[in-house]
């Protein structure tokens with residue numbers, strides 16, 4: 001443990017020295033990176049200082065007969081601090097501090113799946129707002145029943161990706177649809193993809209790799225809702241990724257939004273490729289949207305939500321749908337740190 005604490009203290013000192021070096025500020029990107037590094041190390045550094053203090057107290061208590069009764073308590077505290085330090089030093093995902101782009105799509109279940117996608121959008125945007133993040137809607141494709149075939153939005157704020165990455169996957173709902181006259185419970189799904197928003201310097205787009213088409217915006221029923229060719233479809237030729245935007249009245253605004261989503265998709269695709277190389281195999285984030293591929297089940301008749309990744313169940317689904325997801329975010333993050341610690 002001594003070596004671990006010494007290494008941490010050295011890293012923190014080096015980061016502080018770099019931050020105070022005026023030449024660092026010649027490169028905004030490097031300055032931001034150094035600032036993030038100092039911030040990341042602050043918490044573990046404080047734990048390390050507390051560990052040193054408790055270690056000294058424990059040594060003194062063992063040598064002083066009058067303080068010997070404090071030994072068990074200090075040993076317990078020291079052990080707890082060591083566990084906290086190990087968890088705090090698990091390497092964070094470099095994307096954790098980024099803004100995110102979230103895509104929700106209806107899965108299996110027709111109109112009911114589209115309505116469920118709309119419910120998930122409301123839940124996640126409420127969660128973002130509760131945490132003080134800013135939500136920006138980028139694209140909505142509705143259906144006749146009032147649900148969403150697809151909705152794309154950005155969540156902006158420090159650490160947004162570290163919070164919302166746990167929402168990626170298939171969300172399964174079990175409930176009686178409003179259109180169900182027999183009162184039977186139906187199962188349907190919606191898929192959520194969460195991507196760190198890439199800065200322009202991180203993903204450079206070659207104009208020669210882009211095929212840009214413009215067309216007129218259409219409503220849920222296919223009717224034209226605009227008299228100008230303001231909708232934009234961008235195809236990234238090397239990967240085949242296609243992004244369409246039509247919510248804005250200006251062709252330029254739609255193109256700008258489409259490029260943001262395209263950069264995020266390309267950035268995430270590269271991250272997945274790198275992670276797959278490191279881990280050899282990595283299951284797709286979304287899957288096919290089939291009912292069996294699920295990260296959570298939302299059961300309305302029992303007011304129950306189960307997260308299958310951490311086997312955690314609560315019976316207050318109504319509150320969860322209002323955006324009270326903190327308990328699940330914390331449980332998933334803690335589980336991830338424990339797993340990383342086991343494989344370190």
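The values are calculated or read from the model by the stated rules, or taken from the named source; none is laboratory data. Because the structure is a prediction, the values reported are computed rather than measured. Cβ atoms come from the backbone with ideal geometry, glycine included; neighbour counts cover every protein chain shown.
Data overview
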item: Residue under evaluation residue 286, criteria (1) modelled with pLDDT under 90; (2) more than 17 Å from the chain's Cα centre (by Cα), criterion not met; result: (2)
item: Residues (at pLDDT below 90 and assigned to a helix (DSSP H, G or I)) located in the range 291-329; result: none
item: Qualifying residue in the range 171-188 (condition: closer than 25 Å to residue 260 by Cα and without any contact (Cβ under 8 Å) to a residue 60 or more places away in the chain); result: no
item: One residue from 154, 160, 128 being assigned by TED's automatic domain parsing to the domain that holds residue 308, in contact with a strand residue (DSSP E or B) (Cβ under 6 Å, 6 or more places away or on another chain) and closer than 19 Å to residue 246 by Cβ; result: 154
item: Search result, residues across the range 240-267 that are assigned to a loop (DSSP other than H, G, I, E, B), touching a strand residue (DSSP E or B) at 6+ places or on another chain (Cβ under 6 Å) and without any contact (Cβ under 8 Å) to a residue 12 or more places away in the chain; result: none
item: The listed residue being modelled with pLDDT under 95, more than 16 Å from the chain's Cα centre (by Cα), under 28 Å from residue 301 (Cβ atoms) and crowded, with 19+ Cβ neighbours inside 10 Å, out of 169, 147, 110; result: 147
